[in-house]
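Readers should treat all values here as calculations from the given coordinates under stated rules, not as data from a laboratory. If you're wondering where the values come from, they're calculated on a predicted model, not measured in any experiment. No Cβ is skipped: glycine too gets one built from the backbone with ideal geometry, and neighbour counts run over all protein chains shown.
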Amino acid sequence: MVYKNTIFAGAGLFSVLFAVLLLSGIVSLPNFANASETVSVSATIEEWVSFAVSPTTTDLGTLVDASGNVSIGSATSSLTLSSNSSDGYSVTIEGTNGGLNGSNGGTIATPAAAATTTCSAAGDGTDAYGAQATSTTLTILSPFNVSGDVVGSVAASSQNLLSSAYSTSSQSAILTVKASANKFDKNGAYTDTLTLTALPSVP
């Protein structure tokens with residue numbers, strides 16, 4: 001046991017002496033060259049656009065009543081959009097029938113793409129059908145940037161309705177569909193289907 005204690009005591013004395021020499025600068029630790037590597041970091045944020053329309057069913061009401069009186073029909077839908085696209089986003093509109101098709105073969109036509117028409121209940125009434133839009137934050141594009149009883153074409157071809165620059169917050173617009181008829185149009189139910197499509201890019 002004395003022999004072992006002597007070894008431990010010697011080791012401890014050596015450690016103390018080495019520390020003293022190291023601190024005094026007489027003995028120094030060897031220098032080592034630095035070795036470094038790089039780590040490449042990547043991530044992806046996908047482009048997205050969110051779009052909602054409410055309501056998706058609208059009724060323009062009675063354009064010609066049982067007494068032959070003519071009225072301008074009107075209905076609105078709210079459009080709500082948001083996107084992270086750095087190129088902005090847009091919404092297109094397209095009609096299915098190129099007008100309001102009647103169940104008894106009548107038609108209230110919409111004007112040609114990019115054109116406007118005016119709904120009127122004056123006299124015997126005027127065949128007219130189309131849409132207009134309003135927004136405080138979105139850009140409404142021609143021919144839908146009209147007001148009053150003027151409406152833009154909802155022809156059976158895709159047209160740009162509105163657009164926006166990059167946004168991460170909700171933006172909204174009001175789509176108004178209007179129509180009027182001539183009192184001598186064929187009786188029946190008149191219908192059309194509008195398709196609205198949101199695209200992550202500005203036209």
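Given a Förster radius of 25 Å and the C-beta distance between residue 147 and residue 59 as r, what FRET efficiency does 1/(1 + (r/R0)^6) yield to the nearest 0.05? Efficiency, from the Cβ-Cβ distance: 0.70.
Residues whose amide H lies under 5 Å from that of residue 162, counting only those 5 or more places away or on a different chain, are 91, 141; hydrogens are built 1.01 Å from N in the peptide plane.
Determine the relative contact order of segment 49-199: mean sequence separation of Cα pairs under 8 Å and six or more apart, normalised by residue count, in whole percent.
Relative CO of segment 49-199 lands at 36 percent.
Residues in segment 90-106 carry Karplus couplings, in order, of 9, 10, 10, 10, 8, x, 8, 9, x, x, 8, 8, x, 5, 9, x, x Hz; the curve used is 6.51 cos²θ - 1.76 cosθ + 1.60 with θ = phi - 60°, and Gly or Pro positions show x. At most 13 other Cβ atoms within 10 Å and a DSSP loop assignment: could you name the chymotrypsin sites (Phe, Trp or Tyr not before Pro) in segment 163-203 that fit? Here the sparse-neighbourhood loop sites are 166, 184. For residue 146, the residues whose modelled amide H falls within less than 5 Å of its own, excluding neighbours fewer than 5 places apart on the same chain, are 133. 3J(HN,Hα) along segment 167-174, derived from phi through the Karplus expression 6.51 cos²θ - 1.76 cosθ + 1.60 where θ = phi - 60°, amounts to 8, 10, 10, 5, 10, 9, 8, 10 Hz, with x in place of Gly and Pro.
Sequence-ordered 3J(HN,Hα) estimates for segment 111-120 from the Karplus curve with 6.51, -1.76 and 1.60 and θ = phi - 60° stand at x, 4, 3, 6, 9, 10, 8, 10, 6, 8 Hz, glycine and proline given as x. Distant-in-sequence amide contacts of residue 98, defined by a placed amide H-H separation under 5 Å and a gap of 5 or more residues or a different chain, comprise 156.
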